[in-house]
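Please treat every number below as a calculation from the coordinates, not as lab data. In this text, all values refer to a predicted model and were calculated from it rather than measured experimentally. Positions of Cβ are backbone-derived with ideal geometry, glycine not excepted, and every protein chain shown enters the neighbour counts.
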Number of protein chains: 2
Amino acid sequence: MSDGWDYLPNIAAVRDAAARIAGHARVTPVLSDAALDLACDACVFFKAEHLQRGGAFKFRGACNAVWSLDDQQAARGVVTHSSGNHGTALALAAATRGVQAHVVVPDGAVKAKLAAIAGAGAVLHRCAATQASREQAAANVVAATGGSLVHPYADARVIAGQGTAALELLQQVPDLEVLLTPMGGGGLIAGTAMVAAALHPGLKVMAAEPEGAADAIASLAAGHRVTDIVPDTLCDGLRATLGEVNLKALQSHGVTVLPVSDEETIAAMRRIWRVLKQTVEPSSATVLAALLRHHEHFAGKRVGVILTGGNVDLEALPW
Amino acid sequence: MSDGWDYLPNIAAVRDAAARIAGHARVTPVLSDAALDLACDACVFFKAEHLQRGGAFKFRGACNAVWSLDDQQAARGVVTHSSGNHGTALALAAATRGVQAHVVVPDGAVKAKLAAIAGAGAVLHRCAATQASREQAAANVVAATGGSLVHPYADARVIAGQGTAALELLQQVPDLEVLLTPMGGGGLIAGTAMVAAALHPGLKVMAAEPEGAADAIASLAAGHRVTDIVPDTLCDGLRATLGEVNLKALQSHGVTVLPVSDEETIAAMRRIWRVLKQTVEPSSATVLAALLRHHEHFAGKRVGVILTGGNVDLEALPW
């Protein structure tokens with residue numbers, strides 16, 4: 001599935017990733033607002049990864065993967081499948097090394113994201129919107145080009161790169177009690193949970209998952225990957241199926257995954273736009289939706305959350 | 001017109017204002033983006049005053065005015081007329097001192113802004129949308145309450161407060177060559193021009209004005225205030241008529257005012273939302289519109305611009 005990279009990295013790999021991407025990735029700011037704190041009954045620190053290069057945290061993992069290749073591998077380019085932010089991230093990361101990125105994009109992806117992938121210099125390959133089509137199409141491109149597959153989340157290099165967001169957040173706000181991220185394929189949460197466990201063993205790690213794509217919640221309950229859920233959520237960044245290695249990370253670090261409805265997410269998204277004045281995409285807003293709905297987990301605590309991305313079609317807002 | 005405060009402050013007044021509002025106002029960040037720099041052919045530093053308290057730079061001037069009052073004056077409250085951001089700012093500033101704010105609001109103001117003024121604790125007084133009605137209604141409230149009028153822009157305390165935005169920007173980015181702000185009633189540009197002249201005499205100061213409310217451009221051309229222009233622009237924050245003292249500031253500091261169309265402003269606003277991921281209001285976007293349309297003034301230069309506010313009706317976006 002991911003070219004032999006489908007294992008969990010350790011904290012040393014995250015530190016290596018941070019060194020590797022420094023100078024390419026941005027150190028993103030941390031935002032907060034007293035009115036939102038009051039509404040959440042918590043001190044909330046929003047790590048603004050929508051201000052990362054390419055408008056999403058995904059650049060961290062993609063950049064680490066691209067710069068982990070040796071020169072011969074890099075010269076043959078990189079390949080992935082992505083409905084959006086990982087594709088743009090890989091294209092931008094490839095450009096920092098002067099190599100070609102190929103991105104397999106499923107039908108139904110957000111227009112603004114497709115334009116961004118192409119604008120970042122990738123060659124686009126269309127496919128049907130199923131997980132199987134995506135992986136098959138990517139395998140075909142790998143076979144044709146000799147390029148290196150960089151899986152969007154089930155990849156140790158990608159997970160280590162995504163872990164640098166939490167590493168950076170803990171440097172900016174050291175005394176957090178909970179970390180909360182959106183839950184998609186599981187690259188970000190795997191990196192985040194590992195960093196938390198290594199640096200602050202008492203730090204609780206949670207994730208927010210759309211009810212319409214709750215395969216992580218189902219997988220944790222079943223004790224194995226549940227892969228037959230057809231995602232039905234406007235959080236286009238969170239439709240991917242949890243990876244095998246990502247499920248292991250959730251299990252071994254005792255991550256709690258909290259469901260949120262799209263309605264709650266839309267309300268939270270509007271609130272972030274209105275109060276924080278940040279144009280985050282729906283996926284990012286799941287964390288505020290979870291803070292408000294599941295407040296018993298956060299009351300009185302210092303909570304670090306990751307605003308994962310800000311790539312939206314401004315013509316097609318969900319309100 | 002403004003209770004004896006209609007004169008231009010000096011740099012000492014701005015420094016006093018900075019000390020007075022410290023602890024109440026936020027130090028706002030400066031944003032930049034390589035792609036926007038490329039588009040503008042300039043190094044552009046966006047001072048993010050839409051992240052100021054109340055979502056606009058206006059809090060600086062209002063807060064300075066409120067804390068300039070003696071205790072007896074303050075106890076009788078403060079009064080202003082405002083279609084939006086100055087009203088919210090004065091209400092928030094009054095709350096920091098535990099006194100009442102009265103805000104005269106003209107018909108046709110942006111719904112989100114009225115809600116914000118009321119939410120900040122002000123007593124609202126409606127009036128017709130003309131400048132004369134606004135000033136008469138405010139005078140009536142002053143007569144009834146004994147409160148202090150804090151004019152939105154033709155007021156030395158307000159101008160000194162607004163000047164702290166440029167003071168702060170020049171501390172954050174010392175080597176700027178041009179400062180550019182939106183042009184409304186002229187409080188911000190008066191404070192900005194004075195700070196520039198006092199600290200960096202070679203620093204060029206410019207303003208962007210909507211073609212549909214270009215009374216500042218007309219006034220500079222005529223050599224006196226032109227007050228018979230009926231504003232027709234979606235930049236709701238820039239419909240006010242240039243103040244007398246504000247015109248003096250434009251003249252004495254040689255400020256160049258650049259026209260921009262609403263169409264250019266809307267395109268610039270979308271670009272700021274899309275690229276910087278910041279939900280700024282139309283008025284704020286006039287500066288990027290001016291950078292793009294009048295690039296001959298900015299080519300190759302380091303330009304500091306002020307994103308003045310971020311209060312928009314998310315249900316009524318102009319695209």
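In the structure shown, the pairs A:Lys111/A:Lys301; A:Lys47/B:Lys204; B:Lys113/B:Lys204; A:Lys58/A:Lys277 are assessed against 29 Å; a Cα-Cα span above that value is assigned to A:Lys111/A:Lys301; A:Lys47/B:Lys204; B:Lys113/B:Lys204.
At a Förster radius of 22 Å, what calculated FRET efficiency corresponds to the Cβ-Cβ distance of A:Val173 and A:Ala22, to the nearest 0.05?
Values: r = 20 Å, r/R0 = 0.89.
Efficiency computed from Cβ-Cβ geometry: 0.65.
What sits nearest the axis between copies B and A, counting only chain B Cβ atoms, is the residue and whole-Å distance B:Thr279, 3. Volume per residue for chain A equals 111 cubic angstrom (convex hull of Cα atoms).
Can you sort B:Phe57, B:Phe298 by how many other beta carbons sit within 10 Å, fewest first? Show your work: numbers first, answer last.
Working: B:Phe57 34, B:Phe298 23.
By the 10 Å Cβ count, ascending: B:Phe298, B:Phe57.
Relative contact order, whole percent, for chain B stands at 23, derived from Cα pairs under 8 Å and 6 or more residues apart. Going by neighbour counts of Cβ atoms within 10 Å, the residues A:Arg97, A:Arg53 line up, fewest first, as A:Arg97, A:Arg53.
Please grab the % of Cα pairs in the stretch B:1-157 that end up more than 21 Å from each other.
Numbers: 5691 of 12246 pairs.
Across the stretch B:1-157, Cα pairs with separations above 21 Å total 46 percent.
Distance distribution P(r), the stretch A:210-251, all Cα-Cα pairs, bin width 10 angstrom from 0: 33, 55, 11 percent. Take every DSSP beta bridge whose two residues both sit in chain B; close to 10 percent of them are antiparallel. Dividing the radius of gyration of the alpha carbons in the protein assembly as shown by their Kirkwood radius gives 1.01 for Rg/Rh.
Kindly state, to the nearest 0.05, the FRET efficiency for A:Asn10 paired with A:Arg76, given R0 = 30 Å and r defined as their beta-carbon distance.
Values: r = 28 Å, r/R0 = 0.93.
With a Förster radius of 30 Å, E is 0.60.
Placing a label point 7 Å from Cα along the Cα-to-Cβ axis, B:Ala128 is separated from the same position in the other copies by 6.8 nm, shortest listed first. When the protein assembly as shown is described by a simple charge dipole with +1 on each Lys and Arg Cβ and -1 on each Asp and Glu Cβ, the residue from A:Thr181, B:Thr28, A:Val257 located farthest towards its positive end is B:Thr28.
With Cβ to Cβ distances under 9 Å as the rule, what net charge do the other residues near A:Gln162 carry (K, R +1; D, E -1)? Counting the neighbours of A:Gln162, the net charge comes to +2. With N the number of residues in the stretch A:173-319, Rg(Cα) / (2.2 N^0.38 Å) evaluates to 0.99.
Per DSSP H run of at least 4 residues, take -39500 (n - 2.57); add these up for chain A, divide by its residues and hand me the 222 nm value, nearest 500 deg cm²/dmol.
Working: 13 runs with 138 residues, N = 319.
Calculated at 222 nm, the ellipticity per residue is -13000 deg cm²/dmol.
Please report the orientation-averaged projected area of the stretch B:1-89, defined via the convex hull of its C-alpha atoms, in nm². It would help to have the intermediate numbers written out before the result.
On the way: hull surface 31.8 nm².
Orientation-averaged projected area of the Cα hull: 7.9 nm².
A:Arg270 to B:Ala35: FRET efficiency via 1/(1 + (r/R0)^6), r the Cβ-Cβ distance, R0 25 Å, to the nearest 0.05? Kindly include the intermediate steps, with their values, before the conclusion.
Details: r = 27 Å, r/R0 = 1.07.
Once rounded, the FRET efficiency stands at 0.40.
Taking amide H atoms as placed 1.01 Å from N in the peptide plane, the amide H of B:Gln278 lies under 5 Å from those of A:Thr279, B:Trp273, each 5 or more residues away in sequence or on another chain. Counted over the stretch B:96-155 with a bin width of 5 Å, the fraction of Cα pairs per bin, in whole percents, is 4, 17, 27, 28, 19, 5, 0.
In the stretch A:59-149, Rg over Rh equals 0.94, where Rg is the alpha-carbon radius of gyration and Rh the Kirkwood radius from pairwise Cα distances. Counting Lys and Arg as +1 and Asp and Glu as -1 over every other residue whose Cβ lies under 13 Å from the Cβ of B:Gly254, the net charge comes to +2. For A:Val257, the amide hydrogen comes within under 5 Å of the amide hydrogens of A:Ala207, counting only partners 5 or more places away or on other chains and with H modelled in the peptide plane.
Restriction of the GluC sites (Glu not before Pro) in the stretch A:253-306 to DSSP coil positions whose beta-carbon has at most 16 other beta-carbons within 10 angstrom yields no sites.
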